[in-house]
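Peer 1: Quick one: structure below, then a few questions.
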Amino acid sequence: MATTASSLSALSPAPAGGGGGKRFVVSSPSLSFSSLRRRLTTPAGLRLRAAGSETRRRAASAVVAAIAVGDKLPNATLSYFDPADGELKTVTVSELTAGRKAVLFAVPGAFTPTCSQKHLPGFVEKAGELKAKGVDAIACVSVNDAFVMRAWKESLGLADDVLLLSDGNLELTRALGVEMDLSDKPMGLGVRSRRYALLAEDGVVKVLNLEEGGAFTTSSAEEMLKVL
């Protein structure tokens, strides 16, 4: 798999929270270890332990973004199917953004409702306006493999104004510090990316609209147009 300058031009016609669970301190010197253990194995004690475990689990899964405005984007490698020849290829973030003004936005998952009905279509619809304001490349990133990303594009009947990039190994997502664990959800999504939209100029982040979880409030194409 390789990336060429011609394929890139064809595509653009043109990464810790400090929270923790409650600490329960034994203040009575007369409370022995065995009596403490008996208390923690009563129904009330078990509930207490469960609550503490849940608090710790939530704290451990909380994400603090490693990326910020003014930072250089990490040079992760992403994959895609080149619309010019249908071949599976790779592109680095540096190749995508060096010397260019690029908009990257991420979705929690291909084929998911908000991503398919609002987020991606919004950038496709506004691609012309974004490029008229100087944006050279627009790319959608998702923690799905390249085959899924191609099928998603085909199912929506999209042209090539927005490049769909696979971050199947979470290389970029983890480097940015925007992963979120959805393993407890019934959809079976596992670890995915928080929703965001960013503007980078020559690889440096100028605008970062990062959502909480999978919310969709500030990462739309309309919001990006407001700051251009």
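Peer 1: For Asn209, which of the numbered conditions (1) in a strand (DSSP E or B); (2) open to solvent by less than 10 Å² (accessible area, probe 1.4 Å) fails to hold?
Peer 2: (2)
Peer 1: How many of the residues in the stretch 182-220 are closer than 18 Å to Thr114 by Cα and under 16 Å from the mean Cα position of the chain (by Cα)?
Peer 2: Residues flagged as closer than 18 Å to Thr114 by Cα and under 16 Å from the mean Cα position of the chain (by Cα) within the stretch 182-220 amount to 22.
Peer 1: Looking only at the stretch 157-188, which residues are of a type in the set (A, V, I, L, M) and assigned to a helix (DSSP H, G or I)?
Peer 2: Leu172, Ala175, Leu176
Peer 1: Hey, among Ser155, Ser94, which residue is among the small types (Gly, Ala, Ser), surrounded by 15 or more Cβ atoms within 10 Å (Cβ to Cβ) and out of contact with any strand residue (DSSP E or B) (no Cβ under 8 Å at 6 or more places or on another chain)?
Peer 2: Ser94
Peer 1: Can you find a residue that is within 30 Å of Gly99 (Cβ to Cβ) and aromatic (Phe, Trp, Tyr) anywhere in the stretch 189-196?
Peer 2: Yes: one or more hits.
Peer 1: Here is a further query. Would you mind stating whether Thr217 is among the β-branched types (Val, Ile, Thr) and either open to solvent by less than 50 Å² (accessible area, probe 1.4 Å) or in contact with a helix residue (DSSP H, G or I) (Cβ under 8 Å, 6 or more places away or on another chain) (or both)?
Peer 2: So Thr217 fails the test.
Peer 1: Hey, another quick one. Which count do you get for residues in the stretch 81-138 that are part of a helix (DSSP H, G or I), touching a Gly at 6+ places or on another chain (Cβ under 7 Å) and over 23 Å from Arg192 (Cβ atoms)?
Peer 2: Result for the stretch 81-138: 1.
Peer 1: Which of (1) within 17 Å of Asn209 (Cα to Cα); (2) β-branched (Val, Ile, Thr); (3) crowded, with 20+ Cβ neighbours inside 10 Å does Thr114 not meet, given it meets every other one?
Peer 2: (3)
Peer 1: Just give me the residues in the stretch 165-190 being touching a helix residue (DSSP H, G or I) at 6+ places or on another chain (Cβ under 8 Å) and either among the polar types (S, T, N, Q) or over 18 Å from Ser94 (Cβ atoms) (or both), in sequence order.
Peer 2: Ser166, Gly168, Glu179, Met180, Asp181
The values are calculated or read from the model by the stated rules, or taken from the named source; none is laboratory data. As the structure is a computational prediction, the values presented were derived from the model and not from experiment. Neighbour counts are summed over all protein chains in view; Cβ atoms, including those assigned to glycine, are modelled from backbone coordinates with ideal geometry. Just so you know, the surface numbers come from the protein's heavy atoms only, side chains and all, with ligands and any DNA or RNA stripped out. Shrake-Rupley method; radii C 1.70, N 1.55, O 1.52, S 1.80 Å.
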